[in-house]
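Take a look at the structure set out below.
The values are calculated or read from the model by the stated rules, or taken from the named source; none is laboratory data. Since the model is a prediction, treat every value here as computed from it, not as a measurement. Cβ placement follows ideal geometry from the backbone for every residue including glycine, while neighbour counts extend to all protein chains displayed. All accessible areas refer to the heavy atoms of the entire protein, side chains included, with ligands and DNA or RNA removed. Shrake-Rupley method; radii C 1.70, N 1.55, O 1.52, S 1.80 Å.
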Amino acid sequence: MTNPLLADVDCNELPDFTAIDAAHFKPAIESLIASAQADIDKLLQALQSQAPGWDNLCAPMESALDRLEQAWSVISHLNGVCNTPAVREAHAECQPLLTAFYTSLGQHEGIYKATLTLRDSESYLALDTAQQKVVDNNLRDFKLAGIALDQSGRERYAAIKKRLAEITTTFSNNVLDATRATSKLVAHADELPGLPDSALQAAADLAAAKQQQGYLFTLDIPSYLPLMQYCENRALREEMYRAYVTRASELGPDAGKFDNTALIGEILSLRTELAALLEFANYAELSLATKMASTSEEVLGFLNALADKSVARAREEYAELEQFAQQELGLDTLQAWDVPFASEKLRVARYAISQEELRAWFPIDRVLPGMFDIVQRLYGLQIREAKSPGSWHSDARFFELFDATGEQRASFYIDLYAREGKRGGAWMADCKSRRRLPGDVLQRPVAFLVCNFTPPAAGQPALLTHNEVTTLFHEFGHGLHHMLTTIDYAPVAGINGVPWDAVELPSQFMENWCWEREALAVFARHHQSGEILPDAMLKKMLDAKNFQSAMQMARQLEFALFDFRIHMECSSENWRGIDAVLAEVRQQVAAYAVPEFNRFAHSFSHIFAGGYAAGYYSYKWAEVLSADAFSLFEERGIFDLETGRRFYESVLSQGGSREPAELFAEFRGRAASTDALLRHSGIAA
């Protein structure tokens with residue numbers, strides 16, 4: 001059977017996305033599951049007469065699962081970037097099959113006992129560090145998959161995992177559908193005072209694409225955010241804000257139609273039951289079993305310590321904004337839908353610079369090669385655009401990555417612009433992982449890099465805000481972590497096996513080069529004249545870097561504390577629901593009150609549909625690591641070759657083969673400190 005999702009001959013062959021039909025998804029997954037199961041049965045049969053070792057247990061297990069995992073990566077990717085009804089339905093059909101297969105694999109007595117025997121044998125001592133990490137992780141994951149449960153417990157575990165897979169996908173789909181469902185057509189530009197030309201043109205293009213006259217706005221961030229930041233039409237801002245913060249809830253323009261209320265309750269209930277089955281006190285404790293942080297007390301202590309140092313300043317910043325809004329904008333009461341607008345006005349008044357003004361200096365055809373140039377200077381890499389084997393959309397581009405010797409190390413797709421049917425936000429996902437195949441053949445890693453920037457206007461390159469530039473660098477940092485690994489075992493190569501609270505280190509680390517004069521000189525050039533970003537404008541940008549940084553810190557702490565506490569406390573007899581927890585968290589850390597109708601949790605896909613459940617604190621945790629790591633470059637030079645080599649060898653190349661605290665200390669020469677983060681944020685001197 002020819003499988004259009006996978007290379008059947010060459011491990012480095014790439015899928016032709018133009019040949020993939022959603023109708024192939026389920027038959028391909030069924031076939032690959034059957035093939036993987038047959039391979040596993042074969043290796044277990046062989047182990048009846050052999051002692052388990054790497055070559056007859058771990059390596060064939062990795063091989064048995066690799067093609068299935070590649071196929072699912074492609075299907076998941078298409079579900080995110082081409083979310084047509086056919087793709088969504090086919091993805092939903094495949095998910096229970098995968099969930100059931102991996103659940104049964106995690107409870108497979110034969111594989112578990114063979115792995116345990118290997119770990120307790122002399123053969124284990126002969127394995128290298130990365131191989132031992134694979135074995136140790138596998139045994140941990142068997143425990144977390146319920147290997148110690150009795151038959152009824154295993155059946156209940158499987159039912160919970162199946163239901164969670166279904167409803168978390170439904171949660172995500174509801175958010176996407178609610179975002180799609182609401183749009184606002186404005187007939188005349190005079191109803192949009194203050195909106196910059198780029199946003200007007202984008203809105204006109206959106207309307208034209210729908211065969212409509214005027215200016216069309218949606219709840220997608222590239223459309224929504226400029227309206228909230230610049231439009232002087234306060235009633236329109238309020239209308240769009242209400243629609244945005246009530247998405248997928250019982251309120252708003254589509255009240256109840258895509259409502260996630262019941263799903264939130266069921267997700268938390270099932271996660272709590274899952275934790276109890278596995279003998280954890282709560283789901284937060286279960287989550288930490290695979291994290292860098294070791295206890296709930298450690299996480300809450302970390303978050304509360306940051307709150308102690310930032311919340312008072314955040315509330316001062318908001319008071320300054322209120323005063324400015326009253327005195328300069330005539331807004332006696334600052335409402336939530338006024339905050340982005342007033343903040344941008346204050347930024348311009350204080351620093352004479354705005355994100356919109358900076359767009360002209362960040363054309364994508366300068367930023368992208370400039371980013372590649374920076375990693376060449378840091379790590380000796382060469383990145384070249386290549387002909388795609390067949391892509392899912394004309395916007396998607398394909399690149400190959402080579403090391404200093406000219407050897408190809410990896411490749412990646414990049415899909416930059418927002419469009420209908422594409423999930424919002426930005427992310428990196430793996431298409432293929434690095435692994436060593438029989439015959440010493442190397443399977444090279446392949447990454448998907450996805451953003452949602454404003455598409456280019458006719459006759460112009462896409463012009464990015466500086467915030468979008470940092471987003472691009474962030475996702476490329478994830479990509480480098482995936483692609484530059486030197487580990488040959490897929491379960492701990494690249495981003496695989498990296499604790500969730502450390503996986504953001506390479507991505508947040510890359511953002512630092514977006515703020516450095518020497519780095520900006522590489523790519524910040526006017527899209528028409530080619531002039532380098534003037535020193536006067538750069539000074540304004542750097543002066544404005546920490547504008548409302550404490551408010552931003554408080555907002556992230558609100559998300560992180562809410563997430564961790566609901567997953568920790570929902571198992572308590574005194575559980576009062578997410579609304580009570582959210583109210584307490586906001587009282588503790590919020591810079592300002594939001595309206596009662598705000599339903600942000602209903603679209604909080606990171607924790608209710610993604611991998612960040614009881615782990616949203618990871619962004620701040622890793623930000624401490626990234627700021628402290630970059631401080632060594634600040635000491636030695638941002639393009640210092642020796643420091644770049646050390647970061648590459650100690651962090652980027654190691655994947656999940658060693659503990660991240662150990663890798664960080666190897667690079668930095670000590671444990672991480674919060675000092676650099678607080679200094680970078682302007683919260684501490």
Only one of A235, A284, A262 is surrounded by 22 or more Cβ atoms within 10 Å (Cβ to Cβ) and outside any loop (DSSP other than H, G, I, E, B), namely A284
Quick count over segment 117-135, residues being β-branched (V, I, T) and either within 27 Å of E266 (Cβ to Cβ) or open to solvent by 70 Å² or more (accessible area, probe 1.4 Å) (or both), is 2
Taking the residues in segment 572-607 that are assigned to a loop (DSSP other than H, G, I, E, B) and touching an Asp or Glu at 6+ places or on another chain (Cβ under 9 Å) as candidates, determine which candidate is nearest to Y619 (Cα to Cα).
F604
Any chance segment 417-424 includes a residue that's in contact with a strand residue (DSSP E or B) (Cβ under 6 Å, 6 or more places away or on another chain) and modelled with pLDDT under 95?
yes
Residues within segment 290-303 that are part of a loop (DSSP other than H, G, I, E, B), open to solvent by less than 40 Å² (accessible area, probe 1.4 Å) and of a type outside the set (K, R), tallied
1
Pairs needed: first member in segment 637-662, open to solvent by 40 Å² or more (accessible area, probe 1.4 Å); second member anywhere, of a type outside the set (D, E, K, R); C-beta distance under 6 Å; at least 6 residues apart or different chains.
R646/F667; Y648/Y379
Conditions (1) assigned to a loop (DSSP other than H, G, I, E, B); (2) crowded, with 24+ Cβ neighbours inside 10 Å; (3) β-branched (V, I, T): number failed by V469
(1)
Taking the options A165, A159, A202, name whichever one is under 25 Å from L463 (Cα atoms) and assigned to a helix (DSSP H, G or I).
A202
Quick one: which residue in E475, E511 is in contact with a Cys (Cβ under 8 Å, 6 or more places away or on another chain), open to solvent by 10 Å² or more (accessible area, probe 1.4 Å) and under 24 Å from G425 (Cα atoms)?
E475
Assigned to a helix (DSSP H, G or I), surrounded by 22 or more Cβ atoms within 10 Å (Cβ to Cβ) and touching a helix residue (DSSP H, G or I) at 6+ places or on another chain (Cβ under 8 Å), is that true of L306?
yes
If the requirement is being open to solvent by less than 20 Å² (accessible area, probe 1.4 Å) and over 23 Å from A199 (Cα atoms), which of these qualifies: L358, L321, L368?
L321
Considering only residues that are small (G, A, S) and open to solvent by less than 40 Å² (accessible area, probe 1.4 Å), which ones fall in segment 392-409?
A396
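So that you can scan it fast, the table gives a plain yes or no per residue for (1) open to solvent by less than 20 Å² (accessible area, probe 1.4 Å); (2) free of Cβ contacts under 8 Å to residues at least 60 places away in the same chain; (3) closer than 26 Å to H680 by Cα:
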| position | (1), (2), (3) |
| --- | --- |
| V311 | yes, no, yes |
| E317 | yes, no, yes |
| K345 | no, yes, yes |
| V348 | no, yes, yes |
| I353 | yes, no, yes |
| R384 | no, yes, no |
| G390 | yes, no, no |
I'm trying to understand the selection: among the residues of segment 400-446, which are more than 24 Å from the chain's Cα centre (by Cα) and among the basic types (K, R)?
R436
Going by the conditions given, is V585 buried (at least 21 other Cβ atoms within 10 Å of the Cβ), without any contact (Cβ under 8 Å) to a residue 40 or more places away in the chain and hydrophobic (A, V, I, L, M, F, W, C)?
yes
Let me confirm something: among A148, A59, A90, A64, which residue is modelled with pLDDT under 95 and aliphatic (A, V, I, L, M)?
A64
Just for segment 152-186: of the residues that are of a type in the set (D, E) and touching a residue at least 24 places away in the same chain (Cβ under 8 Å), which one is most open to solvent (accessible area, probe 1.4 Å)?
E166
Checked pairs for segment 591-616, first more than 15 Å from I264 (Cβ to Cβ), second open to solvent by less than 30 Å² (accessible area, probe 1.4 Å) and polar (S, T, N, Q), C-beta under 9 Å and 6 or more apart or across chains, list as A591/Q548; F597/T246; F597/S249; G615/S287
Residues that are crowded, with 20+ Cβ neighbours inside 10 Å and in a helix (DSSP H, G or I), drawn from segment 136-151
N138, F142
Quick one: count up the residues across segment 34-63 that are under 21 Å from C94 (Cβ atoms), in contact (Cβ under 8 Å) with a residue 24 or more places away in the chain and either among the β-branched types (V, I, T) or open to solvent by 30 Å² or more (accessible area, probe 1.4 Å) (or both).
4
